[in-house]
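The values are calculated or read from the model by the stated rules, or taken from the named source; none is laboratory data. Bear in mind the structure is a predicted one, so any value in this text is a computation, not a measurement. Virtual Cβ from ideal backbone geometry, glycine too; neighbours counted across all protein chains shown. Side chains included, ligands, DNA and RNA excluded: accessible areas come from the protein's heavy atoms. Shrake-Rupley method; radii C 1.70, N 1.55, O 1.52, S 1.80 Å.
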Amino acid sequence: MTNQITLISDFNITLLGQYLKRNRSNDEVFVEPFGQLFQSLLKHCHSEYIPSTVIIWSTIEGISPNAEKMLLDPRRSIQPALEDVHMLNEMIVQLSRVRKNVIVVSPFFRRRWGSNRLFNLRIDTGIGYLLKKSALLQAEAFSTLENVHLLDCDMWFNECNARAFSARRWYSSKVPLTATSMERAASDIDALMSSLEGRSKKLLILDLDNTLWGGVVGDVGWQHVLLGGNNMLGEAFLDFQEAILALKNQGIQLAIVSKNTEDVALDVFRMNPMMQLKLEDFATWRINWEDKAKNIVEIVKEINIGLDSVVFIDDDVYERQRIKDALNHIFVPDWPEDPCDYTRALNAISSFATPYLTEEDTRRSQMYHDQAKRLEDFRSMKSLDDWLATLDLNVTVSYVVSSNFERVVQLLNKTNQMNLTTRKLTALELQEWLSDERNHLFCFEVEDKFGAYGLVGLVGCSTESNHTRITDFVLSCRAMGKKIEEKMLEQAMAFAKEKRHSRITAEYRPTSRNRPCFDFFFAGCSSANPDITCTWEREVLSGLVVSN
């Protein structure tokens, strides 16, 4: 799906646009003329609604001439400059009403610090204080706006160190930043947009020896791996495990792929008291002597996600290259040789970012363990129907309320397989859609004897003259294959019958991943083609499928 991205800045930001276009080749990228920050914002604020993204990044001098005057006279107060920041924020609020997403990068000071830099955090006259206060004012001004997202440019500057700024580039082409810092910014902006589109990474697959701990456990035993204690590398591995645990608590699933003897490797989890990660933190593992690419494919099939949702970390450069060559959709970051840099390298992977943290995210590991029990139970049954009869499956239908709203937005934007149209809506767009009395959205929560799935299904319906149109049909991959889809369709049929409509329709729009939705709606229909848009139609009273 093509997105429109517009960049607005007071400095020459063309290079950032070029990097974004490279990273997002299917999108259209437009760069407004630099040096016209407020003029460009004013133009976009007064245009009609466009489902596009605007990126705003400026210097503090570009926002406020009063900031630049502070350099010439250190006695000047920061208050006039803060008033200019308030004016910018008000314009961004207006802009958020006519654009799908607005990304605001915190301002920076092009000349860095003035001659009084040792006192730049003074609250009355300090340039450093002005920058930090400006960023906080923006955080407060946009805190209730679901479609405005803030990025901190200091994280790029800190990573690039002395390579972040270039006075020569500024004087020659009005670009104050180096290609290195621009490329880093483009990478994070791309990751943020991918997250908003539901394309953030979902699974982290880890090696063990010299990745989660120091040493080869098969050689030294679980008692002597480097982990914690009064040891430099041991402390580094301990911090790395805590960083991984933070990702797990953010909803990222963990798995292990290691060439090892399984019992020997698992002894570290079971018996080493310094392990921060426990076996129950991992959805699954493959610890054997087989090809790691084969093991990863098995794990991805078991968890039922796409390869493009996976990150693989291994200290061995040859194993990393093997996965890059065999499974090129998986993200395999280059990994530092020094374990002291492991935590920094993990935190630099911005593709794990997610705009929402729901109850389902925090319970995801337990949900996958419950799913493993279901699969084990299924293998003992003779047929799918026999198995389903023993699950005590309970499906609860509800409406969108404040307590489940973030989960609804997340499910709508992250589900790709059982998804009728794969349309993506921001929280604001969903609220606007629901405000139309013709639109209705049903939520489906599921549980069985093994545990709760949480909110896993959505059916959107719109009333149009004498028929009901299914606008959204979404079911989480972990709930597929249990005939929950049938109960969801029954709910849509009941809604149409309640409205006394004679027919109900659904339009399937194909993507590279939503074939399961086609198979459900068009099972047994030889005339339907999964590669083109198809319309499903059913008579409400008779239940007869009348066209495809």
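Confirm whether E437 is of a type in the set (D, E) and assigned to a loop (DSSP other than H, G, I, E, B).
So E437 fits the description; yes.
Condition check ((1) more than 30 Å from L475 (Cβ to Cβ); (2) in a loop (DSSP other than H, G, I, E, B)) across all residues:
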{"residue": "M274", "(1), (2)": "yes, yes"}
{"residue": "K294", "(1), (2)": "no, no"}
{"residue": "K301", "(1), (2)": "no, no"}
{"residue": "D325", "(1), (2)": "yes, no"}
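Considering region 508-548 alone, what residues qualify as being over 17 Å from E486 (Cα atoms), part of a strand (DSSP E or B) and modelled with pLDDT of 90 or more?
Hits for region 508-548 are C534, T535.
Determine which member of the set V401, V409 is in contact (Cβ under 8 Å) with a residue 40 or more places away in the chain, over 19 Å from R509 (Cβ atoms) and either of a type in the set (V, I, T) or assigned to a loop (DSSP other than H, G, I, E, B) (or both).
When all the criteria are applied, what remains is V409.
Are there any pairs, at least 6 apart or on different chains, whose C-beta atoms fall under 7 Å, with the first in region 230-246 and closer than 18 Å to K278 by Cβ and open to solvent by less than 20 Å² (accessible area, probe 1.4 Å) and the second among the aromatic types (F, W, Y) and assigned to a helix (DSSP H, G or I), and if so, which?
F240/Y342
Table: residues versus (1) more than 21 Å from R320 (Cα to Cα); (2) in contact with a Gly (Cβ under 6 Å, 6 or more places away or on another chain); (3) at pLDDT below 95.
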{"residue": "G229", "(1), (2), (3)": "yes, no, yes"}
{"residue": "G234", "(1), (2), (3)": "yes, yes, yes"}
{"residue": "Q241", "(1), (2), (3)": "no, no, no"}
{"residue": "G251", "(1), (2), (3)": "yes, no, yes"}
{"residue": "V257", "(1), (2), (3)": "no, no, no"}
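May I ask you to list the residues in region 488-515 that are in contact with a Leu (Cβ under 9 Å, 6 or more places away or on another chain) and over 14 Å from E464 (Cβ atoms)?
If the condition is that a residue be in contact with a Leu (Cβ under 9 Å, 6 or more places away or on another chain) and over 14 Å from E464 (Cβ atoms), then M488, K497, Y508, R509, N514 are the ones that fit.
How many residues does region 165-182 hold that are in a loop (DSSP other than H, G, I, E, B) and touching a Cys at 6+ places or on another chain (Cβ under 9 Å)?
Of the residues in that region, 1 qualify.
Among the candidates V175, V148, which residue alone is at pLDDT 90 or above, among the β-branched types (V, I, T) and within 18 Å of A353 (Cα to Cα)?
V148
Can you confirm whether region 78-91 contains a residue that is assigned to a loop (DSSP other than H, G, I, E, B) and touching a Leu at 6+ places or on another chain (Cβ under 7 Å)?
yes
Quick check on F331: is it of a type outside the set (V, I, T), within 24 Å of the chain's Cα centre (by Cα) and more than 15 Å from L208 (Cα to Cα)?
It is true that F331 is of a type outside the set (V, I, T), within 24 Å of the chain's Cα centre (by Cα) and more than 15 Å from L208 (Cα to Cα).
Name the residue, out of A185, A135, A191, that is part of a helix (DSSP H, G or I), closer than 28 Å to Q250 by Cβ and over 18 Å from the mean Cα position of the chain (by Cα).
A135
Show the residue pairs that are 6+ apart or on different chains and have beta-carbon atoms under 9 Å apart, the first residue being within region 51-74 and in a strand (DSSP E or B) and open to solvent by 20 Å² or more (accessible area, probe 1.4 Å), the second being at pLDDT 90 or above and of a type outside the set (S, T, N, Q).
P51/R99; P51/K100
Which condition from (1) open to solvent by less than 20 Å² (accessible area, probe 1.4 Å); (2) out of contact with any helix residue (DSSP H, G or I) (no Cβ under 8 Å at 6 or more places or on another chain) is the one that F119 breaks?
Only one criterion in (1) open to solvent by less than 20 Å² (accessible area, probe 1.4 Å); (2) out of contact with any helix residue (DSSP H, G or I) (no Cβ under 8 Å at 6 or more places or on another chain) is unmet by F119, namely (1).
From the list T125, T144, pick out the single residue that is assigned to a loop (DSSP other than H, G, I, E, B), free of Cβ contacts under 8 Å to residues at least 24 places away in the same chain and out of contact with any strand residue (DSSP E or B) (no Cβ under 8 Å at 6 or more places or on another chain).
Every option except T144 fails the conditions.
With of a type in the set (V, I, T), touching a residue at least 12 places away in the same chain (Cβ under 8 Å) and open to solvent by less than 30 Å² (accessible area, probe 1.4 Å) as the only criterion, which of V93, V29, V85 stands out?
V85
Output the residues belonging to region 56-97 that are basic (K, R) and at pLDDT 90 or above.
Across region 56-97, the qualifying residue is only R97.
Out of S435, S402, I need the residue that is out of contact with any helix residue (DSSP H, G or I) (no Cβ under 8 Å at 6 or more places or on another chain), at negative phi, modelled with pLDDT of 90 or more and surrounded by fewer than 21 Cβ atoms within 10 Å (Cβ to Cβ). Which one?
Sole residue among the options that is out of contact with any helix residue (DSSP H, G or I) (no Cβ under 8 Å at 6 or more places or on another chain), at negative phi, modelled with pLDDT of 90 or more and surrounded by fewer than 21 Cβ atoms within 10 Å (Cβ to Cβ): S435.
N230 passes all but one of (1) out of contact with any strand residue (DSSP E or B) (no Cβ under 9 Å at 6 or more places or on another chain); (2) within 30 Å of L411 (Cα to Cα); (3) of a type outside the set (F, W, Y); (4) part of a loop (DSSP other than H, G, I, E, B); which number fails?
So N230 meets the others, but not (2).
Could you give me the residue pairs with C-beta distances under 6 Å whose first residue belongs to region 507-520 and is farther than 10 Å from D531 by Cα and among the hydrophobic types (A, V, I, L, M, F, W, C), whose second residue is at pLDDT 90 or above and assigned to a helix (DSSP H, G or I) wherever it lies, and which are 6+ apart or on separate chains?
F520/E485
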